[in-house]
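Notes to accompany the following structure.
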Amino acid sequence: MSSSRSLLGPDSPRMFVLAACVVAGALIAISATPRLLLHMPTELSRTTELVRALRHAPPQLSVVVTGDSVTMNGVNAKLLGQELTPKVEAWNVGSPGQQLAETLFIADMLPRNVHTLVVGLLPEGLSEPSVTLPEDRYLFYRISGYEPSREALEIARKLPTPTLFELMSEPQWKATLSGRGLIRISADLSIRSKLRRDLDLERARTDLYFPAAYRQRISEAALSHAVSMLYRHKTSFEPSAQRLQFLVELREMLAKRGQRLVIVVLPQHPRAIALISANYYGQFTHYAERLRNEYHFDVIDFHDRLSEPDFIDQIHPGGIGSERLTKMISASLPAQRAAS
Amino acid sequence: MLFHTLTFLIFFTITVALMLIARRHHTTQKTVLLIASAIFYMWWNPAFILLIIFSAGVDYIVAAKLEHTEEQRARRNLLLISLITNFGLLAFFKYTGFLEQNLLYVFRLFGYQPNWADVNIILPVGISFYTFHTLSYTIDVYKREIPTTRSFRDFALFVTFFPPLVAGPIMRASYFLPQLESPRKMNFDRASFFLFLRGLVKKALVADGVATFADAVFKNPTNWNSAVIWLAAVCFYVQIYCDFSGYSDMAIAIARMLGYELVPNFNRPYFAGDPPEFWKRWHISLSTWLRDYLYIPLGGNRHGEYKTVRNLMLTMLIGGLWHGASWNFVLWGGLHGAALVVHRYWDKLTRRLNLRERLDASVVYRIATVLVMQYFILVTWIPFRVLNTSHMLYTLRKFLFFDMNFRLADAGLGAMAPFATVLLIAIFLIIHLFSELRGGLDEHLARVPLPVAAMACVIIGALLFILWPPAATPFIYFQF
């Protein structure tokens with residue numbers, strides 16, 4: 001010790017102790033992060049609730065609807081269950097920013113008594129080139145207790161883009177490293193929930209029927225700004241071969257378990273439809289037909305079925321819009337069921 | 001190779017180990033440092049080390065000749081060789097594309113469409129810094145202010161010494177070369193450690209933390225209202241200080257651990273109350289370099305009012321252009337030059353009215369000047385950050401003429417965490433204020449009992465892991 005002191009300076013042992021303390025702090029943080037994330041409000045906190053709920057689902061649960069915040073705000077599962085004949089228990093397990101890859105995890109966790117999984121997608125959900133997922137989103141499924149089944153891993157493995165399979169195969173600590181940014185988001189969300197009285201974040205986190213967070217219609221100026229930010233003119237619709245492959249595999253997995261997959265193309269804001277182009281939607285409609293006729297998918301296309309007053313902002317249906325959409329889905333589901 | 005990466009830790013450990021092995025041989029230690037510096041630089045692009053060798057070689061020879069040349073004209077010619085070589089290389093690598101774009105613009109203005117291929121020259125990292133290192137040597141030797149060094153190894157080590165090589169502080173031969181004359185003792189002490197940690201926290205927690213927001217907004221600022229533009233401008237204001245001074249802190253700390261001293265580069269510039277004070281606190285090594293090697297040789301303030309104003313403006317315009325090949329940087333320098341001129345006349349006016357002493361003694365005046373100066377700094381960072389002209393004009397308009405739209409909460413900024421960003425800025429400003437009033441936190445931590453310091457380190461380690469954004473951004477000044 002004394003020789004190292006003279007070589008690196010008299011204070012060097014203390015400096016190395018302090019450096020070790022920094023490393024120790026980081027290691028403590030790595031090990032505590034998953035637990036911390038489970039108890040902090042983040043945009044992904046709902047995932048934890050969903051995993052818990054699906055693992056302890058009641059035996060009467062029959063229909064599960066999933067998707068992103070458009071599904072969360074657009075489908076009232078309570079109403080859907082009541083509208084179906086016979087009445088069934090239905091859940092809306094959509095979550096903010098949910099991606100198609102997450103449908104695999106939801107499907108993988110579905111209790112056997114569920115006979116229908118309804119996946120809500122916007123048209124671009126069928127055209128984005130690959131099926132991938134940010135690490136922090138997957139981290140939440142992992143820390144909430146989800147373990148992928150062999151079939152789910154197999155579906156991910158067969159995808160041309162290996163990202164999802166690598167994510168599902170990697171150790172948890174690796175996912176934790178990239179999930180750490182969520183704590184910052186969590187701080188933001190905590191402040192935001194105090195400032196934004198128009199958001200019902202608690203409902204968005206825990207409600208299994210109608211987890212709509214948005215309550216107030218945004219102003220005309222805000223709507224125009226948001227539409228210009230979110231949508232761009234597109235001349236053509238390019239279907240994604242990888243997403244199609246994923247959906248085919250997902251349907252096969254569900255079919256083996258006696259469950260069926262229904263794709264609902266969610267309504268888009270009329271201003272978005274006007275901005276994007278008629279040709280895009282013409283090609284999309286044609287593709288939806290192909291999915292039905294060529295690939296035998298249950299596809300219900302509602303992309304242009306809501307009007308402007310049905311939306312609360314540039315993307316999310318409001319109260320009346322969600323009621324209309326839910327009733328349209330319930331009206332289409334029995335026919336789908338009979339056909340299947 | 002970045003200071004805050006595992007690669008650097010391995011590199012640094014090996015360098016220190018080799019220096020320990022060679023501890024009884026001062027010259028061997030210097031050779032180890034020189035080789036380490038070359039490896040550090042070559043990590044980016046091995047070929048560009050030849051450029052430094054060439055530049056250093058020319059200056060070494062020029063300085064050796066200067067030592068034996070008495071005739072003034074011959075001395076001046078030798079200096080010119082050094083200036084033309086160094087500025088020529090800098091101009092070629094940094095400004096050729098800029099010149100081409102401007103020529104094209106002028107040609108098009110006269111209806112001529114030249115048919116030449118786009119110039120695409122890779123900018124060697126750190127060229128603006130090491131060019132100034134090496135030039136300080138030949139100019140000082142020319143002015144007979146320092147003796148020449150006999151050893152090319154020592155001179156090459158001065159030019160390439162890795163801690164400040166790619167982003168400063170800019171070194172002076174007169175300050176660093178004497179340190180190479182006698183053996184240095186490595187000093188891994190608490191002060192150096194906390195200085196390094198301060199730099200790391202500035203970069204990783206603050207600069208990278210606020211960069212997410214600034215980058216997202218300035219990618220296309222025309223989408224945003226004044227409140228968002230203001231927040232993004234403040235983010236960049238904090239980011240550039242923490243990014244650059246964080247690098248300087250780490251460089252100074254690493255050099256100190258190896259036994260060498262570098263000049264301080266920042267002194268809480270966001271408490272400057274006027275332009276001269278700002279330049280005594282911001283990028284000190286550059287502003288003093290420009291003062292000593294450009295402003296004073298131009299005549300400084302010794303030849304009347306007109307020439308003083310001209311020299312101030314020229315120095316700041318060139319200082320702006322040093323940062324990058326764009327008219328935005330020239331504008332940035334020009335604004336600072338104009339501020340120095342305005343301040344000069346304001347200072348004269350207050351003296352003529354016998355107000356100077358009373359104003360200097362007034363706390364209210366001090367606070368007001370700091371606020372006005374910082375508002376000005378905020379404005380000037382906009383052309384520095386937003387290089388697209390139409391975007392810059394839009395940003396300036398929204399910044400200067402507030403549109404009374406305070407929407408932050410529902411403007412689609414969720415992923416950018418605007419509230420956490422505001423919180424981070426507030427924490428930074430509180431610590432910055434504390435440091436200005438009571439001294440830096442790192443200095444306090446270096447003095448407290450070991451268990452307290454250890455506890456602080458555990459917390460900092462945890463915070464570094466938790467809050468460091470997974471996608472870290474590169475140091476801003478690397479591009480210069």
What are the pairs with Cβ atoms under 6 angstrom where one residue, in the stretch B:20-47, is away from every other protein chain (no Cβ under 14 Å) and the other, located anywhere, is part of a loop (DSSP other than H, G, I, E, B) and not acidic (Asp, Glu)? Sequence gap at least six, or different chains. B:His26/B:Pro183; B:Thr28/B:Ala22; B:Val32/B:Ala22; B:Ser37/B:Phe161; B:Phe40/B:Met1; B:Trp43/B:Met1; B:Trp44/B:Val125
Tell me the residue from B:Ile146, B:Ile139 that is within 27 Å of the chain's Cα centre (by Cα) and either surrounded by fewer than 20 Cβ atoms within 10 Å (Cβ to Cβ) or modelled with pLDDT under 95 (or both), please. B:Ile146
Hey, among the residues in the stretch B:1-18 that are modelled with pLDDT of 90 or more and of a type in the set (Val, Ile, Thr), which one's surrounded by the most Cβ atoms within 10 Å (Cβ to Cβ)? B:Thr15
Can you name the condition, by its number, that B:Arg268 falls short on among (1) within 13 Å of chain A (Cβ to nearest Cβ); (2) open to solvent by 20 Å² or more (accessible area, probe 1.4 Å)? (1)
Can you tell me how many residues within the stretch A:27-77 are among the charged types (D, E, K, R) and either within 12 Å of chain B (Cβ to nearest Cβ) or over 21 Å from A:Leu199 (Cβ atoms) (or both)? 4
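Here is a yes/no grid of residues against (1) away from chain A (no Cβ under 14 Å); (2) open to solvent by 20 Å² or more (accessible area, probe 1.4 Å):
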position	(1), (2)
B:Met416	no, yes
B:Thr421	no, no
B:Ile425	no, no
B:Gly439	yes, no
Selection from the stretch B:337-379 of residues that are among the polar types (S, T, N, Q) and surrounded by fewer than 15 Cβ atoms within 10 Å (Cβ to Cβ): B:Asn354, B:Ser362
Filter result for B:Pro469 (closer than 30 Å to B:Ile127 by Cβ, within 11 Å of chain A (Cβ to nearest Cβ) and touching a residue at least 12 places away in the same chain (Cβ under 8 Å)): yes
Residue count, the stretch A:191-220, condition more than 8 Å from chain B (Cβ to nearest Cβ) and either open to solvent by 70 Å² or more (accessible area, probe 1.4 Å) or in a helix (DSSP H, G or I) (or both), comes to 14
Can you tell me which condition B:Ser55 does not meet? The list is (1) under 26 Å from B:Trp327 (Cβ atoms); (2) under 25 Å from the mean Cα position of the chain (by Cα), and all the others hold. (1)
Taking the stretch A:221-245, which residues are in a helix (DSSP H, G or I) and within 13 Å of another protein chain (Cβ to nearest Cβ)? A:Ala221, A:Ala222, A:Leu223, A:Ser224, A:His225, A:Ala226, A:Val227, A:Ser228, A:Met229, A:Leu230
How many of the residues in the stretch B:250-265 are open to solvent by less than 10 Å² (accessible area, probe 1.4 Å) and assigned to a helix (DSSP H, G or I)? 6
List the residue pairs whose Cβ atoms are under 7 Å apart, where the first residue sits in the stretch A:7-24 and is at the interface with chain B (Cβ under 7 Å from one of its Cβ atoms), the second is polar (S, T, N, Q) and open to solvent by 30 Å² or more (accessible area, probe 1.4 Å), and the two are 6 or more positions apart or on different chains. A:Gly9/B:Asn187; A:Ser12/A:Ser4
Flag for B:Phe107 being of a type in the set (Phe, Trp, Tyr), surrounded by 12 or more Cβ atoms within 10 Å (Cβ to Cβ) and more than 30 Å from B:Pro164 (Cα to Cα): yes
Which condition number does A:Leu325 fail, the rest of (1) out of contact with any His (no Cβ under 7 Å at 6 or more places or on another chain); (2) open to solvent by less than 30 Å² (accessible area, probe 1.4 Å); (3) part of a loop (DSSP other than H, G, I, E, B) being met? (3)
Between residues in the stretch A:134-157 that are open to solvent by 30 Å² or more (accessible area, probe 1.4 Å) and residues that are at pLDDT below 85 and among the polar types (S, T, N, Q), which pairs lie under 8 Å by C-beta distance while being six or more apart or on different chains? A:Pro134/A:Ser178; A:Glu135/A:Ser178; A:Asp136/A:Ser178; A:Arg142/A:Gln172
Could you check, for the stretch B:295-310, whether at least one of its residues is in contact with a Phe, Trp or Tyr (Cβ under 9 Å, 6 or more places away or on another chain) and surrounded by 20 or more Cβ atoms within 10 Å (Cβ to Cβ)? no
What residue, of A:Arg251, A:Arg243, is in contact (Cβ under 8 Å) with a residue 60 or more places away in the chain, open to solvent by less than 60 Å² (accessible area, probe 1.4 Å) and over 24 Å from A:Gly321 (Cβ atoms)? A:Arg243
Please determine, by comparing only the residues of the stretch B:441-466 that are open to solvent by 60 Å² or more (accessible area, probe 1.4 Å) and more than 27 Å from the chain's Cα centre (by Cα), which one is nearest to the other protein chains (Cβ to nearest Cβ). B:Ile459
Out of (1) open to solvent by 10 Å² or more (accessible area, probe 1.4 Å); (2) touching a Leu at 6+ places or on another chain (Cβ under 8 Å); (3) free of Cβ contacts under 8 Å to residues at least 24 places away in the same chain, the one B:Gly320 does not meet is (1)
B:Ala64 - would you say it is in contact (Cβ under 8 Å) with a residue 24 or more places away in the chain and of a type in the set (Gly, Ala, Ser)? yes
Going through the stretch B:19-59 one residue at a time, which ones are over 24 Å from B:Ser82 (Cα atoms) and either crowded, with 17+ Cβ neighbours inside 10 Å or hydroxyl-bearing (Ser, Thr, Tyr) (or both)? B:Met19, B:Thr27, B:Thr28, B:Gln29, B:Lys30, B:Thr31, B:Val32, B:Leu33, B:Ala36, B:Phe40
So is B:Asn220 over 17 Å from the mean Cα position of the chain (by Cα), surrounded by fewer than 19 Cβ atoms within 10 Å (Cβ to Cβ), within 14 Å of chain A (Cβ to nearest Cβ) and not hydroxyl-bearing (Ser, Thr, Tyr) or not? yes
Among the residues of the stretch B:399-414 satisfying the criterion of being at pLDDT 75 or above and part of a helix (DSSP H, G or I), which is farthest from the other protein chains (Cβ to nearest Cβ)? B:Leu400
If A:Ala187 passes every condition in (1) within 19 Å of the chain's Cα centre (by Cα); (2) within 14 Å of chain B (Cβ to nearest Cβ) but one, which one does it miss? (1)
Does B:Cys242 count as over 19 Å from B:Ile460 (Cα atoms), more than 10 Å from chain A (Cβ to nearest Cβ) and open to solvent by less than 10 Å² (accessible area, probe 1.4 Å)? no
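The values are calculated or read from the model by the stated rules, or taken from the named source; none is laboratory data. Computed from a predicted model, the values in this text were never measured in an experiment. Backbone-built Cβ (ideal geometry, glycine too); neighbour counts: all protein chains shown. To get the accessible areas, we keep the full protein, side chains included, count just its heavy atoms, and leave off ligands, DNA and RNA. Shrake-Rupley method; radii C 1.70, N 1.55, O 1.52, S 1.80 Å.
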